[in-house]
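These notes are about the structure you will find just below.
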Amino acid sequence: MRCRNNRSAHGGFTLIEAMVATVIVATGGSALMVALASGTTINANAREMTQATYLAQEVREWTYRLPLSDPDGPDPQGFVDDIGNLTNVSYSPPLNGLGLPLTGMSDWTQKITVTWRNSQDLSQVVPSSASDIARIQVDILHSGKTVLTNFWFVSKRTSP
C-alpha cells in the first residue's frame, strides 16, 4: 500500500502555511514602518532641541558681554546696552551672540526674563538696586511651543 503525502507529491505549501507566512511577513513589515516613523520623529525632535540649545547659547554669549546696568542710563536709540534692558523681552526672529537678528528663523522666539537675586540666598528675588547678581532665564519657543528653558547667573564684573 502506498501512502499519499500531498506535500511530497506536489512539493508545495498548504494554504495554512502560506497564510502563517503572510502574517509573519506583514507583522515584520508593519514593525519596520513603525520603527522608521519613530526614528523620523526622534530625529526631528533632536534637531529642534539642538537648534533651541544654540539659540539659548547665543543669548548667553550676548549677556556675558553686557554690564549689569549702564551708568549712563538707557540708550537713546533703544539698543540693549545692559542686562537690565532685557527684563521680560522676546525676540522673534531670535538674536545672535552680538544681539543682531538671525535671518530665516521667524518661527523661533527667544523669551528672556531677568530677575535680581540676593547674594546670600540666590532663591530670593530682590529689586535691581539691591543686588549685583542677576538670574537670566531664556525660554526658546518654536512655532509657539516651548522647546527649552535654561537659566544662569551673572554678577557685577570687577576689574583685576
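When V23 is evaluated against the numbered criteria (1) modelled with pLDDT under 90; (2) over 30 Å from K145 (Cβ atoms), which criterion, by number, is the only one it fails? Unmet for V23, out of (1) modelled with pLDDT under 90; (2) over 30 Å from K145 (Cβ atoms): (1). Among strands (runs of 3 or more DSSP E) entirely within the stretch 91-158, having at least 1 residues that are among the small types (G, A, S) singles out 133-142, 145-155.
For the stretch 91-140, which positions are exposed (fewer than 14 other Cβ atoms within 10 Å of the Cβ), without any contact (Cβ under 8 Å) to a residue 12 or more places away in the chain and not acidic (D, E)? Scanning the stretch 91-140 gives L100, P101, T103, G104, Q120, S123, Q124, V125, P127, S129. Once the stretch 66-80 is narrowed to residues that are more than 17 Å from T113 (Cβ to Cβ) and either within 25 Å of the chain's Cα centre (by Cα) or surrounded by 13 or more Cβ atoms within 10 Å (Cβ to Cβ) (or both), the residue that is modelled with the lowest pLDDT is P74. For the criterion of being within 19 Å of T50 (Cβ to Cβ) and among the charged types (D, E, K, R), D132 fails.
Filtering T63, T87 for residues that are farther than 14 Å from S155 by Cα, surrounded by 12 or more Cβ atoms within 10 Å (Cβ to Cβ) and in contact (Cβ under 8 Å) with a residue 24 or more places away in the chain leaves a single hit, T87.
The values are calculated or read from the model by the stated rules, or taken from the named source; none is laboratory data. For clarity, every value in this text was computed on a predicted model and none was experimentally measured. Neighbour counts run over all protein chains shown; Cβ positions are idealised from the backbone, glycine included.
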